[in-house]
Amino acid sequence: MSEPQTTLAVICKALSESIAAGAFSAEGRLPSERALSEQFSTTRITLREALGHLEAQGLIYREVRRGWFVSPPRIIYNPLQRSHFHAMAKEQGRSAQTEVIDARHRVASDTVCQKLLLPPASDVICIRRLRYIDKRPVLYVEHYLNPLYFNDILDADLTSSLTDLYASRYDIHYGRVRFDMVPTLLTNEASHALKVASGSPALFITRTNRDQHDRVIDCDLEYWRYDALHIDVEVN
């Protein structure tokens, strides 16, 4: 027989109030599930259900083999602004970091070829990166570049802004951009990089970029932690 529904409400209310009061450690780590179960005199099953409710609200998140943490403020993302990742974070008083997972030539999928207006099975440059806000991984992204426009780019520092690199090295500047945004589940590669369970919810953003000459130059496949991003758009 399951515990009364009110038990969940009590746990959620108590933890929400503790989070609001900043009652947890400096790094925002919650006590272990065992400790919380004992604190609320409940079963691990009921506790995990309560934690799942708080996670769905974006108040907490779980890292594989590390436990539960208080979610930091979401980064505000306006697709209409041309600010790159590091500049966007700095403007909001946050620190950003980029880690290159790998970068190489590869045969593109049919979907990527369609995005880049290339024939099927075309060779493209693929750059996979992990991006952090305040030392927390929040974005796994796969950049696919048309190699016709980016000779020897794999020799460059790919931890820096690609926007700045395009401009300084190739005199290429972004023109029109198309965005597609859908909720999804993280792929194995993305979940491993973001240190969350495989199949965790995410926001999937596909961005197809044209340059100042209206040529399709690259496309980005972005997997954002669903609790890390706040889309904010104002249109006149």
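The values are calculated or read from the model by the stated rules, or taken from the named source; none is laboratory data. This structure is a prediction, so every number in the text was calculated from the model and none was measured. Cβ atoms come from the backbone with ideal geometry, glycine included; neighbour counts cover every protein chain shown. The accessibility values were calculated without ligands, DNA or RNA, using every heavy atom of the protein model including side chains. Shrake-Rupley method; radii C 1.70, N 1.55, O 1.52, S 1.80 Å.
Looking across the stretch 92-139, the residues that are among the β-branched types (Val, Ile, Thr) and over 22 Å from Leu154 (Cβ atoms) come down to Thr111, Ile133, Val138.
For the stretch 75-82, the criterion of being crowded, with 16+ Cβ neighbours inside 10 Å and either at pLDDT 95 or above or in a helix (DSSP H, G or I) (or both) is satisfied by no residue at all.
The combined condition, being more than 21 Å from Tyr140 (Cβ to Cβ) and among the basic types (Lys, Arg), is fulfilled by Arg82.
Mind checking which residues of the stretch 88-132 are open to solvent by less than 30 Å² (accessible area, probe 1.4 Å) and either modelled with pLDDT under 95 or not assigned by the TED database to the domain that holds Asn209 (or both)? Selection gives Met88, Ala89. The listed residues are Arg169, Arg225, Arg207, and the only one of them that is within 22 Å of Cys113 (Cβ to Cβ) and either touching a helix residue (DSSP H, G or I) at 6+ places or on another chain (Cβ under 7 Å) or among the basic types (Lys, Arg) (or both) turns out to be Arg207.
Can you find a residue in the stretch 16-25 that is open to solvent by less than 90 Å² (accessible area, probe 1.4 Å), within 17 Å of Phe69 (Cβ to Cβ), in contact (Cβ under 8 Å) with a residue 12 or more places away in the chain and in a helix (DSSP H, G or I)? Yes, the stretch 16-25 contains a residue that is open to solvent by less than 90 Å² (accessible area, probe 1.4 Å), within 17 Å of Phe69 (Cβ to Cβ), in contact (Cβ under 8 Å) with a residue 12 or more places away in the chain and in a helix (DSSP H, G or I). The combined condition, being among the small types (Gly, Ala, Ser), more than 25 Å from Ala228 (Cβ to Cβ) and not assigned by the TED database to the domain that holds Pro201, is not fulfilled by Ser32. All told, Arg176 falls short of being within 19 Å of Phe85 (Cβ to Cβ), more than 17 Å from the chain's Cα centre (by Cα) and not in a loop (DSSP other than H, G, I, E, B). When every residue of the stretch 181-191 is checked against the conditions, at least one turns out to be in contact (Cβ under 8 Å) with a residue 40 or more places away in the chain, exposed (fewer than 13 other Cβ atoms within 10 Å of the Cβ) and assigned by the TED database to the domain that holds Thr163. Among the residues of the stretch 54-64, none qualifies, meaning not one is more than 18 Å from Ala228 (Cβ to Cβ) and not assigned by the TED database to the domain that holds Gly199. Being out of contact with any strand residue (DSSP E or B) (no Cβ under 9 Å at 6 or more places or on another chain) and either within 22 Å of Gln57 (Cα to Cα) or surrounded by 14 or more Cβ atoms within 10 Å (Cβ to Cβ) (or both): is that true of Ala156 here? Here the answer is yes, as Ala156 does meet what is asked.
Please go through the stretch 105-156 and pick out each residue that is of a type in the set (Asp, Glu) and under 27 Å from Leu229 (Cβ atoms). Within the stretch 105-156, Asp134, Glu142 qualify.
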